[in-house]
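For reference, the structure is listed below as structure tokens.
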Amino acid sequence: TLVTALGAANLVGALAGPNGPFTVFAPTDDAFASLPDGLVTCLLQEENKGELSSLLLYHVVNGVVLSSDLTDGMEARTLEGDFVIVDLTDDIMINNSTVLVADVLATNGVIHIIDEVLVP
């Protein structure tokens, strides 16, 4: 679902190498499926490209931020312009989303797989 959304928002090229490096908080398909009925379909429509782009860019941070670089209470500015907040109390949390798999290295950064879609 994330790949489809990136394509619909014309962000694939912008986030692909040689651009970056980036840290991506990548929601699972189940995370997208848990959004209200019809929301993903609505966001994928051409007339909602701006909203979709903002939502997706809220999942991306400039630079490589590995899980070992995270600190409790850390605020990281996203490409959307707002901040995500790190909570290390129990698990690694980004806002209200749990990191399921951390530190998936990519050619132009790192991916952390999360269980919820982040909303700015």
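Proximity of backbone amide H atoms, modeled 1.01 Å from N, is registered between Tyr58 and Glu80 at under 5 Å, excluding neighbours fewer than 5 places apart on the same chain. Taking amide H atoms as placed 1.01 Å from N in the peptide plane, the amide H of Asp115 lies under 5 Å from those of Thr98, Leu100, each 5 or more residues away in sequence or on another chain. On the accessible surface of region 54-120, probed at 1.4 Å, how many percent belong to carbon and sulfur atoms? About 51 percent, which is the carbon plus sulfur part of the accessible surface.
For region 102-107, putting each phi into the Karplus relation 6.51 cos²θ - 1.76 cosθ + 1.60 with θ = phi - 60° gives couplings of 9, 6, 7, 6, 10, 5 Hz, in residue order, rounded to whole numbers and with x for Gly and Pro. The list [x] 158, 22, 14; [y] 54, 28, 21; [z] 38, 33, 22 gives values of Cα extents along the principal axes in Å, and only one came from this structure; which label was calculated from it? Recomputing Cα extents along the principal axes in Å here picks out [z]. Taking 0.36 nm per residue of separation and subtracting the Cα-Cα distance, full extension of the segment from Leu88 to Val64 would add 6.8 nm. For region 55-86 and region 12-53, what is the separation of their C-alpha centers, rounded to whole Å? Region 55-86 and region 12-53 have Cα centres separated by 16 Å. Taking 8 Å as the Cα distance limit and 6 or more residues as the minimum spacing, I'd like the relative contact order of the chain as a percentage. Contact order relative to length: 31 percent. Among Asp87, Asp103, Asp29, which one shows the biggest mean-square fluctuation in a GNM of the chain, springs joining Cα atoms closer than 10 Å? Ranking Asp87, Asp103, Asp29 by mean-square fluctuation puts Asp29 first.
Computed with a 1.4 Å probe over protein heavy atoms only, the accessible surface of the chain comes to 53 Å² per residue.
For Met74, the residues 5 or more places off, or on other chains, whose built amide H falls under 5 Å of its own are Val86.
The values are calculated or read from the model by the stated rules, or taken from the named source; none is laboratory data. None of the values given here were measured: they were computed from a predicted structure. Please note that ligands, DNA and RNA were not included when accessible areas were found on the heavy atoms of the full protein model with its side chains. Shrake-Rupley method; radii C 1.70, N 1.55, O 1.52, S 1.80 Å.
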